[in-house]
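Computed from the coordinates by the stated procedures, all read-outs in this text should not be read as laboratory data. Remember, it's a predicted structure, so these values are computed and weren't measured experimentally. All Cβ positions, even for glycine, are placed from backbone atoms using ideal geometry, and neighbour counts span all protein chains on display.
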Amino acid sequence: MQVEKHLEPFRLSLEKLQDVSARLRKDMLRGLGKHAHHRAAVKMLPTFVRATPDGTEKGDFLALDLGGTNFRVLHVRVLEEEQRVLKMDSQICAIPQEIMLGTGEKLFDHIAACLAEFLDSQKLRGQTLPLGFTFSFPCEQKEIDKSILIRWTKGFNCSGVEGEDVVRLLKEAIHRRGDYDIGSVAMVNDTVGTMMSCGYRDQSCEIGMIIGTGTNACYMEEMKNVKRVEGEDGRMCINTEWGGFGDDGSLKDILTEFDEEVDKTSINPGVHTFEKMISGMYLGEIVRLVLLKLTEEKLLFKGCPSEALLTPGSFETKFISEIEDGLENAKKILTKLALDWDLVDACVARLVCDTVSSRSARLCAAALATIANRIRTNRGLDHLKTTVGVDGTVYRKHPNFSDELQAAVRLLAPKCDVSFLISEDGSGKGAAMVTAVAQRLSCILVLNHSKLYKPVTEL
Ligand code: BGC
């Protein structure tokens with residue numbers, strides 16, 4: 001069938017996935033290395049989080065969550081007796097496109113203003129609560145409260161932030177206002193927040209994974225393998241930034257013409273290749289380009305694309321989940337896009353969605369299996385039982401993404417028994433957990449961690 005010719009490049013065999021996993025394994029090693037790190041596409045960033053919760057943490061915290069579709073402010077209470085993390089309240093603030101693409105100063109002023117509004121609504125102004133800041137972009141963490149943005153990803157591109165300490169920019173914006181203050185700050189990637197929030201419920205949770213607007217994972221690595229940080233004992237959470245896998249051309253053989261187009265028209269061409277094949281920010285656009293190609297080849301919609309189909313970004317990623325959920329939805333969405341469809345078209349559109357989302361799930365599985373296999377061999381185990389804390393709209397909302405991912409992980413990491421725990425508000429509660437654990441360990445982690453776990457000066 002002619003349609004199949006265009007879909008075939010999306011279908012990755014088990015052997016191909018094993019091959020992708022082997023490439024990622026090598027790239028992870030490069031990222032962990034002291035010298036090779038600078039050239040590594042997979043950054044493997046030390047997070048300075050070296051303990052998961054032990055259930056004795058407690059107190060009130062603020063949490064900020066920036067990096068998905070919205071910006072959120074939360075007030076979180078960690079209850080020691082009940083070993084529970086309570087979200088007291090939260091507020092969502094929209095970040096308008098002009099702020100996402102404007103100056104860093106405007107962005108942080110906006111964040112500080114949202115926080116002020118929230119503190120007022122909660123009657124918390126005047127208290128200086130510790131703050132967990134979930135900032136879901138690749139950062140070179142120098143200390144728990146010093147974190148340099150390597151580069152923006154997803155839809156953000158604010159000037160004057162790359163290469164700067166994000167905690168300093170936040171504090172400066174708060175000081176510019178001068179009408180409130182915050183306590184100590186802990187910076188956290190959303191994967192780490194997710195792992196930590198699940199870690200409170202399940203102490204074998206040692207991997208955090210996000211498949212939402214962007215994609216990424218973190219896991220507990222042996223300190224002795226983290227060559228860029230001094231110290232040999234124990235473990236440290238590593239933010240893999242697997243979204244950058246392929247940025248050095250290593251995935252060229254599996255990129256389709258549609259992936260290349262998505263990359264070319266994105267705000268950050270050449271960056272986050274793996275993410276662009278997987279995450280919610282891009283899946284809808286891949287499907288749109290495939291549908292358009294099939295229409296141009298007169299294989300769909302009688303060869304007539306609608307205005308909507310011709311418009312970049314018009315095919316939302318959530319349509320994929322809806323269309324795969326049932327043919328009736330497919331018909332509704334094609335009508336909404338003003339396409340002249342018949343039953344065969346609706347079935348083909350569904351097949352396209354299924355093909356693109358399956359590839360995403362299987363690629364994620366290959367990456368996750370690489371991490372699970374690594375943890376198992378690190379520990380010299382024949383068999384590993386571990387838990388992954390997961391979050392993200394693609395994983396949560398798509399009707400069979402999680403099943404497909406889990407089935408592929410079983411094939412690609414047969415000696416690992418991997419359970420999945422959906423994180424409830426990981427980036428909010430998890431950030432508070434990291435702050436709480438940092439406070440618990442304050443004598444060894446926050447105050448003296450630079451003595452114990454000093455970044456090796458390799459620059
Ligand atoms: C960022 C990661 C983040 C992921 C999921 C990626 O674009 O680089 O830091 O964890 O998105 O939000």
*Quote to one decimal, in nm, the extra length available between LYS397 and LYS264 on full extension: 0.36 nm per residue of separation minus the C-alpha distance between them.*
45.1 nm
*Could you list MET209, MET100, MET1 in order of exposure, starting from the residue whose Cβ has the fewest other Cβ atoms within 10 Å?*
MET1, MET100, MET209
*Translational diffusion coefficient (Stokes-Einstein; Kirkwood radius from C-alpha pairs) of the stretch 276-411 at 37 °C, 0.692 mPa s, in µm²/s*: 203
*What is the calculated FRET efficiency for GLU296 to ARG25, with r their C-beta to C-beta distance and R₀ = 41 Å, to the nearest 0.05?*
0.55
*How high is the relative contact order of the stretch 31-168, in percent, counting Cα pairs under 8 Å that sit 6 or more residues apart?*
23
*Rounded to two decimals, what is Rg over Rh for the chain when you use alpha-carbon atoms and the Kirkwood radius?*
0.98
_Hits among lysines - C-alpha to C-alpha of LYS298 under 16 Å, sequence gap 8 or more where chains match_ = LYS5
*asked:* What would the Debye equation give as log₁₀ I(q)/I(0) for the stretch 63-136 at q = 0.11, 0.19, 0.24, 0.28 Å⁻¹, counting only Cα atoms as equal point scatterers?
replied: -0.31, -0.82, -1.17, -1.41
*Could I have the simple spin-label model distance between ARG379 and LYS415, label points 7 Å from Cα toward Cβ, reported in nm to one decimal?*
1.3
_Can you tell me the mean projection area, over all orientations, of the convex hull of the stretch 59-188's alpha carbons? Units nm², please._
7.7
*When only Cα pairs under 8 Å and 6 or more residues apart are kept, what is the percent relative contact order across the chain?*
21
*FRET efficiency estimate (nearest 0.05) - Cβ-Cβ, CYS304 to GLU257, R0 25 angstrom*: 0.70
*asked:* Could you list HIS110, HIS38, HIS383 so that the one with the fewest beta carbons within 10 Å of its beta carbon is first and the one with the most is last?
replied: HIS383, HIS38, HIS110
*Cα-Cα over 20 Å, subset of LYS146/LYS171; LYS142/LYS276; LYS302/LYS397; LYS43/LYS415*: LYS142/LYS276; LYS302/LYS397; LYS43/LYS415
*What is the fewest-to-most order of TRP152, TRP242 by other Cβ atoms lying within 10 Å of their Cβ?*
TRP152, TRP242
*Note the full-extension length gain between SER159 and LYS336 as 0.36 nm times their separation in residues minus their Cα-Cα distance, in nm to one decimal.*
60.0 nm
*Treating only the Cβ atoms of Lys and Arg (+1) and Asp and Glu (-1) as charged, compute the dipole magnitude of the chain about its Cα centre; round to the nearest 20 debye.*
920
*Would you mind calculating the gained length between ILE92 and GLU230 on full extension (0.36 nm times residue separation, minus the Cα-Cα distance), in nm to one decimal?*
45.8 nm
*In debye, nearest 20, what is the charge dipole magnitude of the stretch 59-188 about its Cα centre with +1 on Lys and Arg Cβ and -1 on Asp and Glu Cβ, if you could check?*
180
*Mind giving me the FRET efficiency for GLU316 and MET1? R0 is 30 Å, r the Cβ-Cβ distance, nearest 0.05 is fine.*
0.65
*Spacing of the two label points (7 Å from each Cα toward its C-beta) at GLU222 and THR103, in nm*: 5.0
*Under the definition of Cα pairs under 8 Å and six or more residues apart, what whole-number percent is the relative contact order of the stretch 111-243?*
20
